Amino acid sequence: MFTLEPAKCPPRAEIGQMSRILVVEDEELIREMLVLALEAEGYTIATATDGRTALSMLPTSEATQGEVPYDLLILDLMLPQVNGLDVCRLLRHQGNQIPILILSAKGSETDRVLGLEVGADDYLTKPFSMRELVARCRALLRRQRFNSLPQLPLLQFKDVTLYSQECRVTVRGEEASLSPKEFRLLELFMTYPRRVWSREQLLDQVWGADFIGDSKTVDVHIRWLREKLEKDPSHPEYIITVRGFGYRFG
């Protein structure tokens, strides 16, 4: 039912922070496999076997006083005492904004929509591969960190100015017409200047974990951005290609 691929490299938890994940699953075998796979990636894991225990381990936003015990919740739906949908609904009602990945054997469109409408951030249908689950966890954690950054009114580098709240960009004093994806790419680049991003990381951040398509779409959008930002797109000074790794800004 599940596949667990052997680790091919050292743990890859996000640099600078050992993410903490709460796994709520009443089936022992599935729970143990989840813990094994996620710990192999370098995450710190806690578990609960019923909804009531999970709620007691996840305080309201007012009770945390800036400290959150977990960075991600993996939540089964069919749980004893309090089911997963009610756990999700209660957490959101209490103001807890922890990213939630629902696991369920119910895979109909209606079930998925319901899970997302009550506050889940992602929905994965059983059976699933552990590789996909780990990838979705990684994407949710990265997105949560990016979204938690304070949104500056503007970002500026040389002749490029990005106004986050106005969703507009000026280049050398003139307005640049960017598509939503181009704007989101540029905002990500300018928030993390000189950080190198792989195509896969850019897809996770800008297109989302559910994107189905060729990673070359990143290259196409980079080319379009260069045409709008660079004086000479063939010799860019803003969006730099780092051969073998990806792209960086500045």
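The values are calculated or read from the model by the stated rules, or taken from the named source; none is laboratory data. Every value quoted in this text rests on a predicted model; they were computed, and no experiment measured them. FYI the Cβ positions are ideal-geometry reconstructions off the backbone, even for glycines, and counts take in every protein chain you see. Remember, those area values only see protein heavy atoms, side chains included, never the ligands or the DNA or RNA. Shrake-Rupley method; radii C 1.70, N 1.55, O 1.52, S 1.80 Å.
Structure values in brief
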read-out: Search result, residues across the stretch 87-108 that are under 17 Å from L141 (Cβ atoms) and open to solvent by 50 Å² or more (accessible area, probe 1.4 Å); value: Q97
read-out: Leading residue by the ranking (farthest from R136 (Cα to Cα)) among those in the stretch 112-121 that are in contact with a helix residue (DSSP H, G or I) (Cβ under 8 Å, 6 or more places away or on another chain) and assigned to a helix (DSSP H, G or I); value: L114
read-out: In the stretch 28-54, the residues that are under 15 Å from L101 (Cα atoms), over 23 Å from the mean Cα position of the chain (by Cα) and open to solvent by 10 Å² or more (accessible area, probe 1.4 Å); value: none
read-out: Residue in the stretch 203-223 that is in a loop (DSSP other than H, G, I, E, B), modelled with pLDDT under 95, of a type in the set (G, A, S) and open to solvent by less than 30 Å² (accessible area, probe 1.4 Å) present; value: yes
read-out: Check on R248, under 26 Å from P99 (Cβ atoms), surrounded by fewer than 18 Cβ atoms within 10 Å (Cβ to Cβ), touching a residue at least 40 places away in the same chain (Cβ under 8 Å) and not hydrophobic (A, V, I, L, M, F, W, C); value: no
read-out: Residues (open to solvent by less than 60 Å² (accessible area, probe 1.4 Å) and in contact (Cβ under 8 Å) with a residue 24 or more places away in the chain) located in the stretch 170-191; value: V171, A176, L178, S179, E182, L185, L186, E187, L188, F189, M190, T191
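Residues checked against (1) part of a helix (DSSP H, G or I); (2) among the aliphatic types (A, V, I, L, M); (3) free of Cβ contacts under 8 Å to residues at least 24 places away in the same chain:
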{"position": "L91", "(1), (2), (3)": "yes, yes, no"}
{"position": "I102", "(1), (2), (3)": "no, yes, no"}
{"position": "T110", "(1), (2), (3)": "yes, no, yes"}
{"position": "Y123", "(1), (2), (3)": "no, no, yes"}
{"position": "R136", "(1), (2), (3)": "yes, no, no"}
{"position": "R142", "(1), (2), (3)": "yes, no, no"}
